[in-house]
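Colleague: Pasting a structure here, questions to come.
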Amino acid sequence: MNNADLQGRLIDFIPLHSAFEGLYKLSSTGKQDGRLRHSIPPPNQENSMTEPQPVTNGPAKSGGASIPLATALFHDGAWHRNIMLWLALLAIVAAIGGLAVDPSMAWAALLAVSTAVLVVVLIDLGQVRHSLRRNFPGSARFRWLFESLRPFSRAYLVEGDLDGRPFSHEDRNLVYARAHGMTDAHPFGTELDVYSGEYEWLAHSIVPNPDADPAMRVAVGSNQCKQPYSASRLNVSAMSFGALGARAIESLNLGAKMAGCYHDTGEGSMSAYHLKHGGDVVWQVASGYFGCRDRQGRFDPVMFADHAAHPSVKMIEIKLSQGAKPGHGGVLPAAKVTPEIADTRGVALGEDCISPPRHSAFSTPRELMEFAGKLRDLSGGKPVGIKLCIGMPHEIFAIAKAMLATGIMLDFVVIDGAEGGTGAAPQELSDRVGMPLREGLVIARNALVGAGLKGEVRLAASGKVTSGAGIAINAALGADWCNAARAFMFSLGCIQSLKCHTGRCPTGIATQSAARQRGIVVDEKAERVARFHATTMKALHEIIVATGLDSPSDLRPSHLRQRINVAEMRQFDEIHHFARPGELIAGSQDPILARWWNAASAETFRRVDGDRLSPV
């Protein structure tokens, strides 16, 4: 091999950047505003930006001329960049010398370990995928180690009681305490900043009402419903079999049965685990029509009628969109479609399981109402509703107009907030698409009340509900009940490890791994679910007693106060306009409500006011 060939290949051995570099720069430049601030090196300091590096005469490679290995090993902070190499070589020399003098196991162990470290260093020098490992061989791997430990060290050592995302440590601890039957009393007063612009509270009465009904059930079913349902104020929200494992589904369903609430199946249809213990089930029908589809993925009315007739199925929910990923379909790869999942969803084993972004059974508000009416008839008159995250406000007004135009009523509407959870979603959709629950709930409430439909159509809320106060706040904005998913996962033992999408859930909840699911004992976890539900309902009842009302349905926007700044607070009906019954039909004087109403049509989800650029 000639010198040119040798030098040309040396580019494959350019070293890289390590965790020690971060510590080195941090100690020399300091921190500013939470970000690393890099200093400008003095003119006489050796630096690759100010002093050209030597170039060999070897053949040019892509990206520039080849760089000798010696440059990486002996220039520009060579000691701290290559410290693992020098330490490994030093240890090997010492071990060989020690073995020559005293052939003990200690010297042999040192030789074995240092040789292994040297091998890792040489691998890092030669690999071409990570510049950090090439520039800081061996030591750069600490960066990935610390990165993997970061979520755990933050959760257990750094974050305060009110910190943590998506749920704070305090929120999680409240659920854990109630699920375990431990005291949930808080000593020494609130830790919240009551003068913060984020603080909100419920107005109590000088005359509490200890006779308020502790059951607080909600009757669901319009006058077109033959089998109305009595719903709890808090229920288990949609989580599919596939996203959750079999034992988690069983635990939730048995817990829901013990608690007297319903369990939403999620779009993955009803599995045997949803039905095994006889808990009340709400069957969610989404765009994939899982459990009621033909071979082409279209809605199959015969299959739907057969499954909907099951006595555990109490209501049908048509899923239009999800708060965490609105307007987004999904694909479960064929490799993850187990025989159980294929049987549950009615898809072929060995093929991708596809959820389209939109329904094929309808495309207009009128067709949606006709589809809902069809499902109600096929189910024997059970309540049928929709679930959606509000996007364009005029669309929920179009649904209200379609109910008036067709005479077909929905029995309920569930509003999912953008803060809602999911097993996995594109980050852009989770962070920047979809309306948060608070605003979406107000808009849906105004559409139903303003169209004179709220007496027939119930309204529910879904999105980060963990306490009785959360249920009461949503009730003040028009929600008849709330659904919670992650709160009930916490009651099962979820630790918010954020591994839901990997299949490696440490608690065995969001995984199909039988080894990990072994951690869940169904009977014990079901008791936790029931205890959390019961104590949260008790807390809600205590709030209703304090407000002097008879029921959560009596809460109004005027009961909810929001601090605007340190010196000002407002009632919620002073922040948002809340429509009066029939106001939209009579002609609303509120310009925003009137604009949304005029832009809506029962014949299309597109706006019809002719002004595409007007904010709607």
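The values are calculated or read from the model by the stated rules, or taken from the named source; none is laboratory data. Keep in mind that what you see is a predicted model, and the values were worked out from it rather than measured. Cβ sites come from the backbone with ideal geometry, for glycine too, and all protein chains shown count toward neighbours. Areas reflect the complete protein model, heavy atoms only, side chains present, ligands, DNA and RNA absent. Shrake-Rupley method; radii C 1.70, N 1.55, O 1.52, S 1.80 Å.
Colleague: For segment 163-251, taking Cα atoms only, what is the radius of gyration to one decimal and the Dmax to the nearest whole Å?
Modeller: 19.0, 52
Colleague: Related question: If ligands, DNA and RNA are left out, what is the accessible area of Ser553 with a 1.4 Å probe, given in Å² to the nearest 10?
Modeller: The value for Ser553 is about 50 Å².
Colleague: How much FRET efficiency would the formula 1/(1 + (r/R0)^6) give for Glu524 and Ala405, where r is the Cβ-Cβ distance and R0 is 35 Å, rounded to 0.05?
Modeller: Efficiency, rounded to the nearest 0.05: 0.10.
Colleague: Okay, moving on. When the dipole is taken about the Cα centre of segment 343-447, and only Lys, Arg (+1) and Asp, Glu (-1) are charged at their Cβ, what size is it in debye, to the nearest 20?
Modeller: 420 debye
Colleague: Taking 1 over the mean of 1/r across every pair of different Cα atoms in segment 69-139, what Kirkwood radius in Å do you get?
Modeller: Kirkwood radius, segment 69-139: 12.8 Å.
Colleague: Using 1/(1 + (r/R0)^6) with R0 = 56 angstrom and r between the beta carbons of Ala100 and Ser153, what's the FRET efficiency to the nearest 0.05?
Modeller: Computed FRET efficiency for Ala100 and Ser153: 0.80.
Colleague: From zero outward in steps of 10 Å, how is the percent of C-alpha pairs of segment 110-207 spread across the bins?
Modeller: The percentages, shortest bin first, are 12, 23, 21, 14, 14, 12, 3, 1.
Colleague: Roughly how far apart, in whole Å, are the Cα centres of segment 209-288 and segment 433-496?
Modeller: 15 Å
Colleague: Another question about this same structure. Which sequence of Thr344, Thr406 reflects their accessible areas, 1.4 Å probe, from the largest down?
Modeller: Order by accessible area, largest first: Thr406, Thr344.
Colleague: Does segment 413-547 come out rounded, prolate or oblate, given a ≥ b ≥ c as the square roots of the eigenvalues of its C-alpha gyration tensor, rounded meaning a/c under 1.5 and, failing that, prolate meaning a/b above b/c?
Modeller: oblate
Colleague: Which distance in nm do the two modelled labels at Ile592 and His180 give, with both placed 7 Å along the Cα-to-Cβ direction?
Modeller: It is 4.4 nm.
Colleague: So if each residue of separation counts as 0.36 nm, and I subtract the Cα-Cα distance between Glu439 and Asp161, what length gain in nm does that give?
Modeller: Gain on stretching Glu439 to Asp161: 97.4 nm.
Colleague: For segment 350-479, report the accessible area per residue in Å² (1.4 Å probe, heavy atoms, rounded to an integer).
Modeller: Per-residue value: 32 Å².
Colleague: Arranged from highest to lowest average of other beta-carbon atoms within 10 Å per residue, in what order do the peptides 123-131, 243-251 appear?
Modeller: Highest-to-lowest ranking by the protection proxy: 243-251, 123-131.
Colleague: Hey, another quick one. Take peptides 172-179, 203-210 and line them up by average Cβ neighbours within 10 Å, highest first, as a rough protection proxy.
Modeller: 172-179, 203-210
Colleague: Once you have the Cα-Cα distance between Val93 and Ala108, take 0.36 nm times their residue separation minus that, and quote the gain in nm to one decimal.
Modeller: This chain segment gains 4.2 nm when fully extended.
Colleague: Then there's this: With N set to the number of residues, divide the alpha-carbon radius of gyration of segment 217-599 by 2.2 N^0.38 Å and report two decimals.
Modeller: After normalising by residue count via 2.2 N^0.38 Å, the value is 0.95.
Colleague: On the accessible surface of the chain, probed at 1.4 Å, how many percent belong to carbon and sulfur atoms?
Modeller: Solvent-exposed carbon and sulfur of the chain make up 57 percent of the total.
Colleague: Still on this structure, please answer the following. Could you give the angle, 0 to 90 degrees to the nearest 10, between helix 83-101's Cα long axis and the longest principal axis of the Cα atoms of the chain?
Modeller: Taking the Cα atoms of the chain, the angle to 83-101 is about 50 degrees.
Colleague: To continue, here is another question. Under the 0.36 nm per residue contour assumption, what length would be gained going from the current alpha-carbon distance of Asp550 and Glu603 to full extension?
Modeller: 15.0 nm
Colleague: Given the DSSP H assignment, sum -39500 (n - 2.57) over each helix run of at least 4 residues in the chain and divide by its residue total; what's the result at 222 nm in deg cm²/dmol, nearest 500?
Modeller: -11500 deg cm²/dmol
Colleague: Measuring from label point to label point, each 7 Å out along Cα→Cβ, what is the Glu170 to Val119 span in nm?
Modeller: Reported label-point gap for Glu170 and Val119 is 5.2 nm.
Colleague: Which angle from 0 to 90°, rounded to the nearest 10, does the C-alpha axis of helix 19-29 make with the longest principal axis of the chain?
Modeller: Helix 19-29 sits roughly 90 degrees off the main axis of the chain.
Colleague: Okay, next question. How large is the accessible surface per residue of segment 69-139, computed with a 1.4 Å probe and reported in Å² as a whole number?
Modeller: Spelled out: the 1.4 Å probe surface of segment 69-139, per residue, equals 54 Å².
Colleague: Another question about this same structure. Could you check the simple spin-label distance between Gln296 and Lys538, using points 7 Å along Cα→Cβ, in nm with one decimal?
Modeller: Label at Gln296, label at Lys538, 5.6 nm between them.
Colleague: Here is a follow-up. When you count, for each residue, the other Cβ atoms within 10 Å and take the mean per peptide, how do 584-592, 314-322, 432-440 rank with the highest first?
Modeller: The packing order, highest mean first, is 314-322, 432-440, 584-592.
Colleague: Given 4 °C and 1.567 mPa s, compute D for segment 214-361 with the Stokes-Einstein relation, Rh being the Kirkwood radius over Cα pairs; round to the nearest whole µm²/s.
Modeller: D = 82 µm²/s.
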